[in-house]
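*Asks:* Mind looking over this structure? Questions follow.
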Amino acid sequence: MAGGKLSPRQKMINLMYLVFIAMLALNMSKEVLSAFGLLNDKIDKANTDTQARNVAFMGSLEQKAQDEPQEYSTVLEKAKEVDAISNELDSYLTALKSKAIEKLEDPTDYEVMDKADFFDQAFFNADKYKEEGQEFVNRVNTYRTKMDAFIDEVKSDSTLSKKIQGIDDIKSSIDRNFSTDQVANRDGVKQDWLRYNYEGFPLIASLTKLTQIQADVKTIKSELFGKMLSGQQAAALSYSNYSTLMEAPKSAYYSGEKFDGSIVLGRTDESTIPKRAELTLDGRKLVQGQDYSFEGGKVKMSVGAGSPGDHKIEGILYYGEGGEETPVNVVTGFATITKPNAAVISADKMNVVYRGVDNPMTISIPGIPDNKVSASAAGLTKGAGSKYMMRPGQGRTVSINARGTLPDGQNISTNSEFRIKDIPRPIGSIRGETGDGSCVRMQRQGLEISSVGAALEDFDFDLNLNVTGFSFKVSGQPTVVVSGNKLNSQAKSTLARARRGETVQIFDINATISGNSGYKLKKISPICIELTN
C-alpha cells in the first residue's frame with residue numbers, strides 16, 4: 001500500500017484498512033484482558049475451595065491429636081509448620097494484589113487493566129530491582145528454601161518418614177514452580193526471572209500470575225496434608241500401634257466369683273490371634289489352657305476374681321507380622337467388690353445437672369442387672385440399660401430415687417440430690433474465633449464472608465448454637481442490625497468505609513439452642529475485630 005503513485009481514492013481506501021486493522025487489534029486486546037480476568041477469578045475461586053479443605057483438615061487433625069495425642073501430635077506439629085510457611089507467602093501476595101488494584105474504581109473491570117505501570121514502577125529501576133522487587137524475589141526464595149528444608153527434615157527422621165511418605169514428588173514440584181533462576185526468552189536470551197514474568201505485562205496478567213502462585217502454595221499444602229494423614233493412618237494399622245481392651249459381661253464381681261472377661265485388640269476379626277502370650281495377674285504368671293485361652297481374636301480369661309480390690313493383668317501378646325513377632329504390651333485389669341447395700345448414682349458430666357439440656361446419667365447398682373434397677377425423679381426418663389436422661393425443670397435441686405433387688409431378694413433404695421444450674425453465658429465468635437479476651441485480627445474480605453457464632457467455652461456439653469441476628473458497628477457510622485449469621489449488604493457497605501487497623505464490633509448477638517429454641521440463653525458476649533487491610 002506504500003509503493004507507487006496512488007490516487008486520492010486509493011489512499012482513502014488504504015487509510016480505512018489501517019483504521020479497521022487498528023480496531024481489530026483494540027478489540028482483541030480487550031478480549032485478552034477479559035480472558036485473563038476470568039482466568040484469575042476461576043483460579044481465585046479454586047483457591048478459596050482449596051483453602052477451605054486445608055482449614056477443615058487442620059481442624060480434623062487437631063481433633064485427632066486431642067483424641068489420640070501419641071498418634072497424631074507429632075503430625076499436627078509438622079502440619080502447623082507447613083501452614084505457617086505457606087501462610088507467610090500467601091498473605092504477602094494477597095496484600096500485594098490488594099495494593100495493585102486499590103486505586104481502581106472497579107476491580108472487576110479487566111479491560112482497563114492494560115497498563116504495566118504498577119509492577120514496572122514497584123519492581124524495576126532501569127537495569128536494577130527496586131526494594132519491593134527484591135523483596136518479592138526474596139519471599140519466593142524463602143518459601144522454597146523453608147519447604148525444601150522441611151521435606152529434608154522429614155526424610156531424615158526415621159519416625160517421621162514412616163508417617164509422611166511419598167513427598168519426593170512434592171519437593172520436585174516446589175523446586176520447579178518456585179524457581180527464580182534466569183529464564184530464556186523466545187530468542188534464547190536469558191533474562192532475570194522477575195523481568196521475564198512481570199516487566200511490561202498488563203496489570204491483569206501480572207495479577208493472574210500472582211493468583212497462580214497462591215494456587216501452587218495452597219495445592220502443595222493440601223498435598224502435604226494428605227500425605228501426612230494417609231501416612232499416619234497407614235502406620236496406625238500396624239500391630240505395634242494397637243492397644244488392648246477389656247471386655248466383661250459386668251463391671252464388678254463378688255468375692256468368690258470367677259472372672260470371665262476377655263482381653264481383646266481394637267480389631268477383633270478371626271485373624272487377630274496372638275502366636276503366644278506372657279501374662280500375669282497381680283504378679284502371678286498365668287498358664288495357657290488353665291487361666292486363659294485364645295478364642296476368635298480374643299484372649300479368653302478364666303481366673304478367680306480374688307479378694308475385693310483392684311487387680312492388674314499385665315504382660316505381652318506376640319503377633320506375627322512380616323515373618324517376625326511383634327510385641328503388644330498388655331496393661332489392664334478389673335475390680336472385685338463386696339456385695340452392695342446401697343445404690344451408686346452419679347452424673348456422667350459432673351455433680352450438677354443443667355437446665356435447658358439433656359443431662360446423660362448412669363444409674364446402676366453393682367451386682368444387680370440393669371433390668372432389676374429402676375429410678376424416678378422429676379424430668380428423668382429411662383434409656384437403654386443403666387442409661388437415663390435428665391431434663392430438669394424449675395427449682396435449684398432435684399432428688400433421684402434408685403431402687404434395686406439383689407439376687408438374694410433383698411431390696412435397696414437410695415436417694416441422691418443434684419444441684420440444678422443454668423447454661424452459662426455464651427461468648428460471641430467470628431469464623432470460630434472468640435479472641436480470648438482480645439480483638440480478632442482478620443482481613444476485610446474475610447470478615448465479609450465469615451459467619452458469626454456463639455460458643456460455650458469450658459462447658460461440659462456440646463451444644464449447637466444457631467445465631468439468628470446481631471448488631472454491627474463501625475466507629476463514626478450508624479449501627480446496622482443484621483438478621484442471620486453473616487453480614488448483609490448494608491453491613492458490608494458500612495465495613496467498606498472502615499479504615500485499615502480500625503476496630504469494628506459485633507454485639508447484641510441473638511442465638512438459640514438447636515432442638516430447644518424455647519430456652520432463653522444469657523446475654524452473649526460481643527466480639528471486636530481489628531481490620532488488617
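*Asks:* Could you list all residues from segment 482-522 that are in contact with a Gly (Cβ under 6 Å, 6 or more places away or on another chain) and exposed (fewer than 11 other Cβ atoms within 10 Å of the Cβ)?
*Replies:* Within segment 482-522, just Ser483 meets the criteria.
*Asks:* Conditions first: (1) modelled with pLDDT under 90; (2) within 29 Å of Leu33 (Cα to Cα); (3) among the hydroxyl-bearing types (Ser, Thr, Tyr). Thr159 passes all but one, so which condition is the exception?
*Replies:* Failed condition: (2).
*Asks:* Going through segment 436-456 one residue at a time, which ones are basic (Lys, Arg) and surrounded by fewer than 17 Cβ atoms within 10 Å (Cβ to Cβ)?
*Replies:* Arg441
*Asks:* How do the pairs read when you match residues in segment 358-370 that are within 15 Å of Tyr388 (Cα to Cα) and open to solvent by 10 Å² or more (accessible area, probe 1.4 Å) with residues anywhere that are outside any loop (DSSP other than H, G, I, E, B) and among the hydroxyl-bearing types (Ser, Thr, Tyr), using Cβ under 8 Å and keeping only pairs 6 or more apart or on different chains?
*Replies:* Partner pairs satisfying both residue conditions: Pro360/Tyr388; Thr362/Ser346; Thr362/Tyr388; Asp370/Ser364.
*Asks:* Considering only residues that are hydroxyl-bearing (Ser, Thr, Tyr), more than 15 Å from the chain's Cα centre (by Cα) and open to solvent by 20 Å² or more (accessible area, probe 1.4 Å), look in segment 71-91 and name the one that is nearest to Arg139 (Cα to Cα).
*Replies:* So the first thing to find is which residues in segment 71-91 are hydroxyl-bearing (Ser, Thr, Tyr), and the list is 72-74, 86, 91.
Going one step further and asking which of them are more than 15 Å from the chain's Cα centre (by Cα), we end up with 74, 86, 91.
Right, trim to open to solvent by 20 Å² or more (accessible area, probe 1.4 Å) and you get 74, 91.
Values: Thr74: 27, Ser91: 11 Å.
Per the criteria, the residue is Ser91.
*Asks:* Residue under question is Val504, and the condition is that it be within 29 Å of Val353 (Cα to Cα), at pLDDT 90 or above and within 28 Å of the chain's Cα centre (by Cα); does it hold? I'd like the intermediate steps shown before the answer.
*Replies:* On the way: within 29 Å of Val353 (Cα to Cα): no; at pLDDT 90 or above: yes; within 28 Å of the chain's Cα centre (by Cα): yes.
Taking the combined requirement at face value, the residue does not satisfy it.
*Asks:* Show the residue pairs meeting these rules: Cβ distance below 8 Å; 6+ apart or different chains; first residue within segment 318-333 and of a type in the set (Gly, Ala, Ser); second residue at pLDDT 70 or above.
*Replies:* Qualifying pairs under 8 Å: Gly320/Lys275; Gly320/Thr326; Gly333/Asp310; Gly333/His311; Gly333/Lys312; Gly333/Ile313.
*Asks:* Spot the failing condition for Asn241; the list is (1) at pLDDT 75 or above; (2) open to solvent by 40 Å² or more (accessible area, probe 1.4 Å); (3) not β-branched (Val, Ile, Thr), and only one is missed.
*Replies:* (1)
*Asks:* Might you let me know whether segment 169-176 holds any residue that is open to solvent by less than 50 Å² (accessible area, probe 1.4 Å), at pLDDT below 80, among the hydroxyl-bearing types (Ser, Thr, Tyr) and out of contact with any strand residue (DSSP E or B) (no Cβ under 6 Å at 6 or more places or on another chain)?
*Replies:* no
*Asks:* Okay, next question. Evaluate the following for Ile101: is it of a type in the set (Val, Ile, Thr), at pLDDT 85 or above, open to solvent by 40 Å² or more (accessible area, probe 1.4 Å) and more than 22 Å from the chain's Cα centre (by Cα)? Let's see the steps before the verdict.
*Replies:* Working: of a type in the set (Val, Ile, Thr): yes; at pLDDT 85 or above: yes; open to solvent by 40 Å² or more (accessible area, probe 1.4 Å): yes; more than 22 Å from the chain's Cα centre (by Cα): yes.
For Ile101, the condition - of a type in the set (Val, Ile, Thr), at pLDDT 85 or above, open to solvent by 40 Å² or more (accessible area, probe 1.4 Å) and more than 22 Å from the chain's Cα centre (by Cα) - is met.
*Asks:* For segment 177-211, which residues satisfy the criterion of being touching a residue at least 24 places away in the same chain (Cβ under 8 Å), surrounded by fewer than 17 Cβ atoms within 10 Å (Cβ to Cβ) and part of a helix (DSSP H, G or I)?
*Replies:* Scanning segment 177-211 gives Asn177, Trp193.
*Asks:* Considering only residues that are in a loop (DSSP other than H, G, I, E, B), polar (S, T, N, Q) and open to solvent by less than 70 Å² (accessible area, probe 1.4 Å), which ones fall in segment 371-399? Step through it out loud before you land on a result.
*Replies:* In the first step, residues of segment 371-399 are kept if they are in a loop (DSSP other than H, G, I, E, B); the result is 377-379, 383-386, 391-396.
Add one more test, that the residue is polar (S, T, N, Q), and what stays is 386, 394.
Ser386, the sole residue that qualifies.
*Asks:* Please state which of the following conditions Met228 fails to meet, knowing it meets all the rest: (1) farther than 17 Å from Arg139 by Cα; (2) open to solvent by 40 Å² or more (accessible area, probe 1.4 Å); (3) in a helix (DSSP H, G or I).
*Replies:* Every condition holds for Met228 apart from (2).
*Asks:* In segment 400-418, what residues are over 37 Å from the mean Cα position of the chain (by Cα), surrounded by 15 or more Cβ atoms within 10 Å (Cβ to Cβ) and assigned to a strand (DSSP E or B)?
*Replies:* The initial filter retains those residues of segment 400-418 that are over 37 Å from the mean Cα position of the chain (by Cα), namely 400-417.
Add one more test, that the residue is surrounded by 15 or more Cβ atoms within 10 Å (Cβ to Cβ), and what stays is 400-406, 412, 414, 416.
Ile400, Asn401, Ala402, Arg403, Gly404, Thr405, Ile412, Thr414, Ser416, listed by residue number.
*Asks:* Please enumerate the residues belonging to segment 457-468 that are at negative phi and surrounded by fewer than 18 Cβ atoms within 10 Å (Cβ to Cβ).
*Replies:* The answer is Glu457, Phe459, Asp460, Phe461, Asp462, Asn464, Asn466, Thr468.
*Asks:* Among the numbered conditions (1) at pLDDT 75 or above; (2) out of contact with any helix residue (DSSP H, G or I) (no Cβ under 8 Å at 6 or more places or on another chain); (3) open to solvent by 100 Å² or more (accessible area, probe 1.4 Å), tell me where Met23 comes up short.
*Replies:* So Met23 meets the others, but not (1).
*Asks:* Still on this structure: Only residues that are closer than 25 Å to Trp193 by Cα, part of a loop (DSSP other than H, G, I, E, B) and open to solvent by 40 Å² or more (accessible area, probe 1.4 Å): list them for segment 104-134, please.
*Replies:* Asp114, Lys115, Ala126, Asp127, Lys130 - these are the residues of segment 104-134 that are closer than 25 Å to Trp193 by Cα, part of a loop (DSSP other than H, G, I, E, B) and open to solvent by 40 Å² or more (accessible area, probe 1.4 Å).
*Asks:* What number of residues within segment 511-533 satisfy the criterion of being among the polar types (S, T, N, Q) and over 21 Å from Ser475 (Cα atoms)?
*Replies:* Going through segment 511-533, the residues among the polar types (S, T, N, Q) turn out to be 512, 514, 516-517, 525, 532-533.
Subset that is over 21 Å from Ser475 (Cα atoms): 512, 514, 516-517.
Of the residues in that region, 4 qualify.
The values are calculated or read from the model by the stated rules, or taken from the named source; none is laboratory data. All figures in this text were calculated on a predicted structure; none of them were measured in a lab. Because the Cβ atoms are built from the backbone with ideal geometry, glycine has one as well, and the counts that use them run over all protein chains shown. Remember, those area values only see protein heavy atoms, side chains included, never the ligands or the DNA or RNA. Shrake-Rupley method; radii C 1.70, N 1.55, O 1.52, S 1.80 Å.
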